[in-house]
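Below: one structure, written as structure tokens.
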Amino acid sequence: MLRITSKSVEGSAFSLSKLALPVKLEPGASIQLTITFTPTAKGYTDAKVIFGSNDPDSPLSMHFAGTGFYPSSATLAVSPATLSFGNVTVGSSATLQGTLTASGAAVTVSSDQSSSSEYAILGLTLPATIQAGQSLQFSVQFTPNASGVASAKVGFISNAVGSPTIEQVTGTGEVAQSHNVYLSWDGVGGAVGYNIYRSTVQAGPFQEINTSLDSSTNYTDYTVVSGTTYYYVVTEVNSEGEESPYSNEVQAVIPNP
């Protein structure tokens, strides 16, 4: 007589029907068992059911396997197929919007992912269910950390067929341009040096920008800000420390990055 004293299942997607233990089986007798497969994710998975008994070869292992798949009626589309960010200054960010659309049946988006840390998915509170024929908007933010082309993929995990739904993203990081203004003027006899003055208002008031008397007849201003217009004048200083009136005013327009 076979006496089954224990049972266990290795594999969370499978379950065994109720079986009151211990069970005694006369020679030639059998017992019917039901194994239920409840996949929690797409793809292949397997399990073992193990029975302990008074059989000399105990324990007995039974192997089960199955493949989880999503219902073919639910689909999730993303538009546009590619988000192109163009040129973005390194260290700054640009954001573009995309749309997820469900069809066939309701689609539940459980998570999202990005293949690059330079791209972040924003605007979604997950999990989120999209009814058939409805749409859900999201944003992707591109923050380049180096110059050059940066291409990646963002994806959305759902119960739709073909999950994850993938969108291509691409952008180019560019280093911010540094601007400067180069000034030069004709020297004046008897001058021992020159002072350079700057203003953001035509005709001043002006502020001296050289830290010491400049003995040359040129000066480079490295402290300008993009998108700003500056006005410059120069004065001469003689050996007695006397300073001349302002020179003619010149204008410099600094472009945006």
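Here, each number is a calculation from the coordinates, and none is a lab measurement. This structure is a prediction, so every number in the text was calculated from the model and none was measured. Reconstructed Cβ throughout: ideal geometry from the backbone, glycine too, with neighbour counts over all protein chains shown.
Taking the alpha-carbon distance from LYS153 and a cut-off under 22 Å, which lysines remain once sequence neighbours fewer than 8 residues away in the same chain are dropped?
Within the straight-line limit of under 22 Å, LYS153 reaches these lysines: LYS42.
If Lys and Arg each add +1 and Asp and Glu each add -1, what is the summed charge of the other residues whose beta carbon sits under 12 Å from the beta carbon of ARG198?
Local net charge: -3.
Could you give the dipole magnitude of region 2-68 about its Cα centre, charging the beta-carbon of Lys and Arg +1 and that of Asp and Glu -1, in debye to the nearest 20?
The dipole of region 2-68 has a size of about 220 debye.
Please arrange TYR222, TYR246 by how many other C-beta atoms lie within 10 Å of their C-beta, fewest to most.
TYR222, TYR246
Can you tell me which lysines have their Cα less than 25 Å from the Cα of LYS7? Leave out same-chain residues fewer than eight positions away.
Qualifying lysines at Cα under 25 Å: LYS18, LYS24, LYS48.
Starting from the Cα of ASN238, step 7 Å along the direction of its Cβ; do the same at GLN177; then give the gap between the two resulting points in nm.
4.4 nm
Going by Cα centres, region 172-248 and region 59-120 are how many Å apart?
For region 172-248 versus region 59-120, the Cα centre distance is 56 Å.
Which whole-number percent is the relative contact order of region 75-174 (Cα, under 8 Å, 6+ apart)?
Relative contact order for region 75-174 comes out at 38 percent.
If the chain between SER103 and LYS42 were fully stretched, how many nm would it gain, using 0.36 nm times the residue separation less the Cα-Cα distance?
Going from the current span to full extension adds 20.0 nm.
Just going by the charge dipole of region 181-253, with Lys and Arg at +1 and Asp and Glu at -1 on Cβ, which of TYR222, SER244, GLN207 is farthest out on the positive end?
So the residue furthest toward the plus end is TYR222.
Please identify which residues in region 129-145 have an amide N closer than 19 Å to a label point set 7 Å out from the Cα of VAL90, following the Cα→Cβ vector.
142-145
Give me the percent relative contact order of the chain, please, defined on Cα pairs under 8 angstrom at least 6 residues apart.
After rounding, I find 13 percent.
Report the charge-dipole magnitude of the chain in Debye, nearest 20, computed about the Cα centre from +1 at each Lys and Arg Cβ and -1 at each Asp and Glu Cβ.
With Lys and Arg at +1 and Asp and Glu at -1, about 2280 debye.
Within a Cβ distance under 12 Å of SER114, other residues only, what is the Lys/Arg minus Asp/Glu net charge?
Summing Lys/Arg as +1 and Asp/Glu as -1 gives -2.
How fast does region 2-68 diffuse by Stokes-Einstein, in µm²/s, taking the Kirkwood radius from C-alpha pairs at 4 °C and 1.567 mPa s?
In µm²/s, the coefficient rounds to 100.
In a Debye calculation with equal point scatterers on the alpha-carbon sites of the chain and no solvent, what is log10 I(q)/I(0) at q = 0.13, 0.18 Å⁻¹?
Debye output, listed in q order: -0.92, -1.22.
When only C-alpha pairs under 8 Å and at least 6 residues apart count, what is the relative contact order of region 163-251, in percent?
Normalised by residue count, the contact order of region 163-251 is 31 percent.
Diagonalise the Cα gyration tensor of region 181-253 and give the resulting equivalent ellipsoid semi-axes, square root of 5 times each eigenvalue, largest first, whole Å.
So the three semi-axes of region 181-253 are 22, 12, 10 Å.
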